[in-house]
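The block underneath contains the structure these notes are about, expressed in structure tokens.
Each value in this text was obtained by applying a stated rule to the coordinates, not by laboratory testing. Only a predicted model underlies this, so the values are computations on that prediction, with no experimental measurement involved. Neighbour counts run over all protein chains shown; Cβ positions are idealised from the backbone, glycine included.
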Amino acid sequence: MAERIVIHPVTRVEGHAKISIYLDESGEVSSAQFHVTEFRGFEKLCEGRPFHEMPGLMSRICGICPVSHILASSKAGDMLLGVEIPRAAAKQRRLLNYAQVLQSHALSFFHLSAPDFLLGMDSPPEKRNLFGLLESDEEFARRGIRLRQFGQRIIELVGGRRIHPAWGTPGGVLRAVGTVERDEIRSWIPEALASMDIALGRMKPVLDALAPEIEHIGNFPTLFLGTVTPEGALEYYEGLIRIVDAERNIVAEGLDPHRYASYLGEASEEWSFMKFPFYKPLGYPGGSYRVGPLARLNVAQSAGTPRADRELREFKHRSQGAVCQSFFYHLARLIEMLHAIERIDELTDDPELLREHIRAKAGQNRNQGVGSCEAPRGVLFHDYQVDDNGLICKVNLLIATAQNNLAMNRAVEQTARHFVSARSLQEGMLNRVEAAIRCFDPCLSCSTHAVGQMPLVVELRDSAGELLDRAERG
Amino acid sequence: MGNSLRGDDGVAQRALQLIAPGGHVRLRQVCQLTPELAAEIAIAGADTVFFLDADPSSTEMTLEPVELRSTRGTPLAHSMSPAEVLELTRRLYGFAGEAFLCRIPAKYFGHGEGLSPQAEAGAHAAAKMIQERIAASFTIS
């Protein structure tokens, strides 16, 4: 008789979710689904608010990546005003975006995922956390904490506070950076670079021991989508969208982020609150694509900073085409952290960062504004329609985590099929299924922002898998 | 710790506003406890740490010691307890001081700023008690 194994809650991710694994008559995995079980509603909450309030409101979507939402929201506001922001403001925005990438990746790598690959997938579950890591390698754990602290400290120094800073605004930013703040940021850089050398040196040998996981946890061809400079280098703030396939052939290039809706569609499924974006020319679900660290390194030809470029060249040698193994999201995250520190070094060495002209002033000149940036988990779009009084009529948020939804579900199913057998169910098997999700570092709070749109089905099953009751909404 | 946009959940932040910073006292407002606080406690060279939090299950304000003890952490890893932050600080930075958890009674956690009268009174009482503890510790030494 068919049965279902439920992993609930999924641990060491940002937000709340569950995974259902369906077994066939012989007890083998027939399919699996990743359900996002939390629900927000920001797209609806914002209707009727003045667009100048949006960066502050959007920041509240997430406590991990509020800066990304402030940036995308401020950029949508820039477009509504129709202004080019002052150069110092643009540099500040870039600086905080790198700080955001650094602190978010440090959380994902050191606090949430490193216990899996440094302590072992089958290590006791009560030890697979930061404290277990501490017992195994105290210095490694300490450096992870300090790296996240560095990213957060930059946000605090420049934005005023580390979470939900009241800092970004349509037309620029609200605070100038002083020499005291700049000098403190620069004082952290040598330690941060040394920590990255240690982390990369520790991670690479571990990868050899994880060959089965790398091969069977989310290893499949998809498209990869990310932002690049006009020259094809890594870009996180302002660039053009490039899409490559699994062979690293360029599928689309020079796409305007403002026109995202012309090439990206959003589908819904009845069993999850999270939307399922897809690349329109290939349809749903064939147009599945991945975003985030792995995708960015696959689409970019270079990093543009010396240390990260060395790592990127080595990374690209891991495959003839694109690197398709989702497990390499973790290594990609480390390379991006290194790149972010190098960019923070460059930006804080630029006197233009300290200029006090930080905000362009103008009235509303448009009725639609789209802002995008590369958030830690991938490209983020904020799309606002406003009336002539500047009040929000409609909001669409296309969140990075949601753009990985199709790939995450496929990764869960592939991992379950390979590692899970109900005949001898081991905890380590289920941890590998969770680990498939952790590769993507999903931020579920961010990605469940719609309201009144998503249908919900609740199924009640007995221990034999028989359906006892079913409730449907929407 | 707490969220000032959820009614009485901001009671600890209110208490912090009433405690004079500077001198030997460092204040830090957070929505939740995270590992980086271990480094902050160590860098500050703290010998005593007070954690303040809203407590819906209490009817009276309490100040209880947070014991330094071995902890394994929680698998969810969304946030940490005071004991876990202290354990990290002890293990990574050799913290050997004292720590206390101040539980302030709180009832209303709906959306919006502002405290109930009971929570407002609790914030004042908590601030007074902690300031007296701090003053007493410096008088003794």
Q.
Give me the base-10 log of I(q)/I(0) for the protein assembly as shown at each q in 0.08 Å⁻¹, Debye formula, one uniform scatterer per Cα, rounded to two decimals.
A. -0.58
**Q.** Per-peptide average of other Cβ atoms within 10 Å, ordering B:6-16, A:340-350, A:395-405 highest first
**A.** A:395-405, B:6-16, A:340-350
Q) Given H placed 1.01 Å from N in the peptide plane, which residues other than close sequence neighbours of A:ALA252 have an amide H under 5 Å from its amide H? A) A:ILE243
Q) Tell me which lysines have Cα within less than 19 Å of A:LYS275's Cα, excluding those fewer than 8 residues away on the same chain? A) A:LYS18, A:LYS44, A:LYS394
Q: Over every pair of different alpha-carbon atoms in region A:47-198, take the mean of 1/r and invert it; report that Kirkwood radius in Å.
A: 16.8
Q. Under a straight-distance cross-link criterion of Cα-Cα below 26 Å, which lysines are reachable from B:LYS128, leaving out those fewer than 8 residues away in the same chain?
A. B:LYS107
Q.
Considering only C-alpha atoms, what is the centroid distance from region A:54-129 to region A:131-207, in Å?
A. 12
Q: Calculate for the protein assembly as shown the 222 nm mean residue ellipticity that helices alone would give, adding -39,500 (n - 2.57) per DSSP H run of length 4 or more and normalising by residue count, nearest 500 deg cm²/dmol.
A: -12500 deg cm²/dmol
(Q) Using all alpha carbons of region A:161-320, what is the percent of pairwise distances in each 5 Å bin, ordered from the shortest bin to the longest? (A) 1, 7, 11, 15, 15, 16, 15, 11, 6, 2, 0
(Q) With θ taken as phi - 60° and the coefficients 6.51, -1.76 and 1.60, list the Karplus ³J(HN,Hα) couplings across region A:375-385 in order, rounded to whole Hz; mark glycine and proline as x. (A) 7, x, 8, x, 5, 10, 10, 10, 10, 10, 10
Q. To the nearest 10 degrees, how steep is helix A:138-159 against the longest Cα principal axis of chain A, on a 0 to 90 scale?
A. 40
Q) About its Cα centre, how strong a charge dipole does chain A have in debye, to the nearest 20, once Lys and Arg get +1 and Asp and Glu get -1 at the Cβ? A) 880
Q | Chain lengthening between A:LEU193 and A:LYS18 when straightened (0.36 nm per residue, less Cα-Cα) | A | 59.3 nm
**Q.** region B:52-59 - phi-based ³J(HN,Hα) in whole Hz, Karplus 6.51/-1.76/1.60, Gly and Pro as x
**A.** 10, 8, 6, 9, x, 8, 9, 10
Q) Quick one: if the Förster radius is 56 Å, what FRET efficiency do A:ARG417 and A:GLU84 give, using the C-beta to C-beta distance and rounding to 0.05? A) 0.65
Q: Note down the relative contact order for chain A as a percent, whole number, built from C-alpha pairs under 8 angstrom at least six residues apart.
A: 26
**Q.** Within region A:180-209, backbone nitrogen closer than 11 Å to the virtual label 7 Å beyond the Cα of A:LEU354 toward Cβ
**A.** A:180-183
**Q.** Gyration tensor verdict on chain B (Cα atoms; rounded if a/c is under 1.5, prolate if a/b is larger than b/c, oblate otherwise)
**A.** oblate
Q: Partner chain Cβ atoms within 10 Å, averaged over the residues of B:82-94 - can you pull that number for me?
A: 2
Q.
Just checking the output field for B:29-36: average partner chain Cβ neighbours within 10 Å of each residue's Cβ?
A. 6
Q. From a point 7 Å beyond the Cα of B:LEU18 in the direction of its Cβ, which residues of region B:96-116 have a backbone N at a distance under 15 Å?
A. B:102-107, B:114-116
